[in-house]
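Step one of this worksheet: look at the structure below.
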Amino acid sequence: MFYTNTRSPVKEISAQERNPLQADPAANPLRAPVGAALRVYRRGVTVDWDWTRVVIDHVHIRVRDAQASVPFYKALLEPLGIPPIWEGESGAQLANLVVTDGEPTTSGPVHIAFVAESREQVEAFHRAGLEAGGSDNGPPGVREQYSSPEGGRYYAAFVLDPDGNNVEAVCREFD
């Protein structure tokens, strides 16, 4: 197996144990959906996460020079199929990423990771970032330190944007 830190389940937790109010839907109308039992591992990690679930609406970074950063991000994100939604003098929105001029600039550097559907997309992302003037911060490859049975095989590449922010594309592979 490719994982470096395989863990074995300690116990299973039922939906009732996770949230006793789930047993009576009327007691908690805002409850999470009742699902299958979750496995809890020695490190207290709960698994069975749906990696397709969207949990962040958008990220906004303020940069020193939007006129330089917007073309960089357009080129970098194009291989991932991430389009510009709007563009203006002060910046742009590329799907869930907003890049604008503004004070204060985002303190950082920050790390932003985008989902790739394949290794080929990760590799194209990395090439596009370097061609657009970004700096290599990690070539495409499997990152064993981030791989796990719960999170999958982690194939990623990293590029620094004009402000030094670490931008990543990652493809999670599950056997």
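Residue under question is residue 139, and the condition is that it be surrounded by fewer than 14 Cβ atoms within 10 Å (Cβ to Cβ), part of a loop (DSSP other than H, G, I, E, B) and at negative phi; does it hold? Don't jump to the end; show me each part of the working.
On the way: surrounded by fewer than 14 Cβ atoms within 10 Å (Cβ to Cβ): yes; part of a loop (DSSP other than H, G, I, E, B): no; at negative phi: yes.
No: the conditions fail for residue 139.
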What is the residue count in the range 58-103 for residues that are in contact with a strand residue (DSSP E or B) (Cβ under 7 Å, 6 or more places away or on another chain) and in a strand (DSSP E or B)? 17
Unmet criterion (only one of (1) free of Cβ contacts under 8 Å to residues at least 24 places away in the same chain; (2) over 17 Å from residue 64 (Cβ atoms)) for residue 82: (1)
Selection from the range 83-117 of residues that are in contact with a helix residue (DSSP H, G or I) (Cβ under 9 Å, 6 or more places away or on another chain), closer than 29 Å to residue 153 by Cα and surrounded by fewer than 19 Cβ atoms within 10 Å (Cβ to Cβ): 83, 95, 115, 117
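Read the figures in this text as sums done on the coordinates, not as results from a lab. All figures in this text were calculated on a predicted structure; none of them were measured in a lab. Heads up, the Cβs are rebuilt from the backbone with ideal geometry, glycines too, and the neighbour counts pull from every protein chain shown.
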